[in-house]
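Visitor: Take this structure, written in structure tokens, and hold onto it; I'll ask about it next.
The values are calculated or read from the model by the stated rules, or taken from the named source; none is laboratory data. Here the structure is a predicted model, which means the values were calculated and not measured. Neighbour counts are summed over all protein chains in view; Cβ atoms, including those assigned to glycine, are modelled from backbone coordinates with ideal geometry.
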Amino acid sequence: MVRNGGSPRRAAVGEPRAVVLFHTSSHALRAEALLAARGVAAKLIPVPRQLSSDCGVCLRIARADGAVACEVIAGGGVEIVGIHDA
């Protein structure tokens with residue numbers, strides 16, 4: 001769920017999640033800030049072992065927020081490597 005400004009909503013327990021991968025940790029940090037500014041909940045976590053990435057951190061988001069998250073991140077000039085179910 002996206003809100004204009006304010007605090008991001010917290011994902012409900014058991015809600016399907018996804019992870020967003022980036023080329024660098026600075027891109028992951030920038031994406032987190034972009035999403036927070038738009039009210040999209042995101043948490044920096046280590047990249048799961050079964051996934052490969054050029055950096056060691058990724059963002060965990062609610063799967064339902066995937067399309068909006070991609071739009072916000074791309075609009076902020078940050079390249080996404082991939083999105084995977086978590």
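Visitor: Please go through the stretch 28-65 and pick out each residue that is out of contact with any Pro (no Cβ under 9 Å at 6 or more places or on another chain), modelled with pLDDT of 95 or more and outside any strand (DSSP E or B).
Guide: Those that are out of contact with any Pro (no Cβ under 9 Å at 6 or more places or on another chain), modelled with pLDDT of 95 or more and outside any strand (DSSP E or B): A28, L29, R30, A31, E32, A33, L34, A37, D65.
Visitor: Restricting the search to the stretch 30-80, which residues are free of Cβ contacts under 8 Å to residues at least 40 places away in the same chain and basic (K, R)?
Guide: Within the stretch 30-80, R38, K43, R49 qualify.
Visitor: Also, I was wondering about something else. Please find, within the stretch 1-27, the residue that is modelled with the lowest pLDDT out of those that are under 15 Å from A86 (Cβ atoms) and aliphatic (A, V, I, L, M).
Guide: Among residues in the stretch 1-27 that are under 15 Å from A86 (Cβ atoms) and aliphatic (A, V, I, L, M), the one modelled with the lowest pLDDT is A11.
Visitor: Restricting the search to the stretch 66-86, which residues are within 10 Å of V20 (Cβ to Cβ), in a strand (DSSP E or B) and of a type outside the set (A, V, I, L, M, F, W, C)?
Guide: Across the stretch 66-86, the qualifying residues are G82, H84.
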